[in-house]
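Notes to accompany the following structure.
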């Protein structure tokens, strides 16, 4: 079965619904047919009852007629009159019951005509004759004629009843066949439904349950740090999409870890490079200056007794040089780690940065308590580097620095009204800021549309992750 998971599920469900619906349709048709057969069976019973009642009326009429002829008693004619009155209704009922069966209707019509002929052509004339001449009504010819007519009617009744019995048996056989067919259809539909459900369950297990369980297992391994784990990309439709998405996510996490490792390495390398630069500056600058001062002092010492005025001049120059050296050392130490940051915290340190900035800075600091040292140092250097970039590259007339703590994080922003166009690429100071922030688990973004200034936003988590 091809197509996506949804399409295949709908197809399988539709097939199952079709089989179950067909089975129920067959059952409904069979039930309707059984009802029709039962109705016809009840109709056969009613036909037999009405035929028996009609035959009994004719026999009773014949018996009453014979009693009257023999005894000449008028009260014997009461059953005959009753039968004569009831005969039309029973005859009509019998014909109505067999109206849907032409052969039986013909037989019923023959019986009715024979009964009517019996009453019209024999019974009524016989009663009239008996009333006029009782002896003539008791002749053998008269009684034999009645017997022949009654026997003929009974024969037609026997034929009618036998045919109706055969029809009842045929309908019963048809009912049994319909019942067997219904049972077979129900059993077939049930078996087909069960088979399709089993196959559908097996398909769901193979196509969905197993891949999902495997994905859950792989996700557990991925959460445990095994970023090399991958799912076999063999599924179709949504399952295949899940497998490919999982593998893409694993590769993305693996790439992110590589980038993070590289970022940490760049930070370490930058720190080492800074230490080497400081060491070189101290060695090539301050140390050489101090050596030169020592040599001057030696020279002053050698010439001091002969020329006191010259000695004072040289000593004054040495003192000035020492003052300059102290200033240089102060600047160098401030660049390595400002003492005010350690002593006063982030607010005073940023205020000192703002005062020394070549571009006017509007500073807003809302940090009521001291922060973790690593966060303070990182935030300080982010602002320091950002203001340095503003002074060097932005050609801005002002800058704004805002720092605040909110919801367990330190939020920092540096904005300027310069030329914009800053890009965090290789070789720029911004890449160092990104590494420094991400090393603490924070985030940083730079928005710098050309001609519209630059906005640097950074966020540091205050709790360790």
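Structure above, values below:
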| read-out | value |
| --- | --- |
| Flag for residue 48 being part of a helix (DSSP H, G or I), farther than 27 Å from residue 188 by Cα and touching a residue at least 40 places away in the same chain (Cβ under 8 Å) | yes |
| Which listed residue, of 441, 418, is outside any strand (DSSP E or B), in the same structural domain as residue 365 (by TED's automatic domain parsing) and buried (at least 18 other Cβ atoms within 10 Å of the Cβ) | 418 |
| First in segment 374-395 and at positive phi, second anywhere and buried (at least 20 other Cβ atoms within 10 Å of the Cβ), Cβ under 7 Å, 6 or more apart | 395/418 |
| Boolean, residue 248 is within 15 Å of residue 9 (Cβ to Cβ) and exposed (fewer than 13 other Cβ atoms within 10 Å of the Cβ) | no |
| Criterion: out of contact with any strand residue (DSSP E or B) (no Cβ under 9 Å at 6 or more places or on another chain) and in contact (Cβ under 8 Å) with a residue 40 or more places away in the chain - qualifying residue of 198, 161, 183 | 161 |
| Contacts under 8 angstrom Cβ, first residue in segment 63-79 being outside the structural domain of residue 130 (by TED's automatic domain parsing), partner modelled with pLDDT of 75 or more, 6 or more apart | none |
| Residue within segment 89-108 that is surrounded by fewer than 20 Cβ atoms within 10 Å (Cβ to Cβ), more than 20 Å from residue 164 (Cβ to Cβ) and at pLDDT below 85 present | no |
| Inter-residue pairs, beta-carbon under 6 Å, first without any contact (Cβ under 8 Å) to a residue 12 or more places away in the chain and in segment 102-126, second surrounded by 13 or more Cβ atoms within 10 Å (Cβ to Cβ), 6+ apart | 105/98 |
| Some residue of segment 416-437 being more than 20 Å from residue 263 (Cβ to Cβ) and touching a residue at least 40 places away in the same chain (Cβ under 8 Å) | yes |
| Helices (runs of 4 or more DSSP H) wholly inside segment 123-223 that include at least 2 residues being closer than 25 Å to residue 30 by Cα | 140-204 |
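The values are calculated or read from the model by the stated rules, or taken from the named source; none is laboratory data. Note that the coordinates shown come from a computational prediction; the quantities given were computed from them, not determined experimentally. Every residue, glycine among them, receives a Cβ derived from its backbone with ideal geometry; neighbour counts consider all protein chains shown.
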